[in-house]
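One structure is given here, and the rest of the page talks about it.
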Amino acid sequence: MAVDPKKQYISQHRVARKLALIAIYQWQMTDNTYQEIYQGLQEDSALSKDMLKADMAFCQALVKCVIEKTSEIDALINPYIDRKAAHLDQIERAVLRMSTCELKNHPEVPYKVIINESVNLTKKFGADQAHKFVNGVLDKVGSNLRKEQK
């Protein structure tokens with residue numbers, strides 16, 4: 001049976017987002033270089049298997065965007081939160097940064113898809129009700145960055 005290319009694309013992006021979130025979280029916690037974090041992902045047996053299923057170019061683009069443009073990304077998030085990005089929970093901050101990069105740089109992905117994927121990642125890795133906060137903030141960021149899609 002042939003694999004549906006659209007479903008494969010969606011799956012590859014979903015796994016890439018998960019890996020990007022893990023990498024961004026590690027970067028926030030350790031301030032390691034991208035190369036050190038990438039090597040760590042490769043050395044973890046479960047994550048290295050995920051890397052084979054992921055669109056790694058997409059994953060790398062998200063991680064590098066966050067690392068290289070942190071101030072710019074935080075400036076897009078800050079108007080919609082009640083505290084500085086530096087004071088957010090680490091998972092919430094990583095998800096918001098990653099998703100804002102995707103909203104800004106990947107117009108081919110509908111912003112509702114980005115928000116849905118981000119909420120699901122937050123449910124999996126974040127605090128109990130953090131997904132509601134992430135959903136609200138990203139809806140505002142997405143509405144601002146993607147006015148034509150609203």
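Worth a mention:
- Residue match in segment 95-110 (condition: at pLDDT below 95, surrounded by fewer than 20 Cβ atoms within 10 Å (Cβ to Cβ), assigned to a helix (DSSP H, G or I) and not acidic (Asp, Glu)): no
- Hey, ASN120 modelled with pLDDT of 95 or more, surrounded by 13 or more Cβ atoms within 10 Å (Cβ to Cβ), in a helix (DSSP H, G or I) and in contact with a Lys or Arg (Cβ under 9 Å, 6 or more places away or on another chain) or not: yes
- Qualifying position, being assigned to a helix (DSSP H, G or I) and either among the aromatic types (Phe, Trp, Tyr) or over 16 Å from ARG17 (Cβ atoms) (or both), among ASN144, ASN135: ASN144
- Subset tally (residues that are closer than 21 Å to HIS131 by Cβ and crowded, with 18+ Cβ neighbours inside 10 Å) for segment 65-88: 8
- Looking across ILE91, ILE37, ILE10, ILE73, one residue alone is assigned to a helix (DSSP H, G or I) and touching a Gly at 6+ places or on another chain (Cβ under 7 Å). It is ILE91.
- Residue within segment 52-64 that is polar (S, T, N, Q), surrounded by 15 or more Cβ atoms within 10 Å (Cβ to Cβ) and modelled with pLDDT of 95 or more present: yes
- Filter pass, GLU117 being among the acidic types (Asp, Glu) and either touching a helix residue (DSSP H, G or I) at 6+ places or on another chain (Cβ under 6 Å) or in contact (Cβ under 8 Å) with a residue 12 or more places away in the chain (or both): yes
- Residue within segment 6-19 that is surrounded by 21 or more Cβ atoms within 10 Å (Cβ to Cβ) and among the aromatic types (Phe, Trp, Tyr) present: no
- Out of ILE91, ILE22, sole residue that is in contact with a Ser or Thr (Cβ under 7 Å, 6 or more places away or on another chain), touching a residue at least 24 places away in the same chain (Cβ under 8 Å) and surrounded by 15 or more Cβ atoms within 10 Å (Cβ to Cβ): ILE91
The values are calculated or read from the model by the stated rules, or taken from the named source; none is laboratory data. Note that the coordinates shown come from a computational prediction; the quantities given were computed from them, not determined experimentally. As a convention, Cβ positions derive from the backbone with ideal geometry for all residues, glycine included, and neighbour counts pool all protein chains shown.
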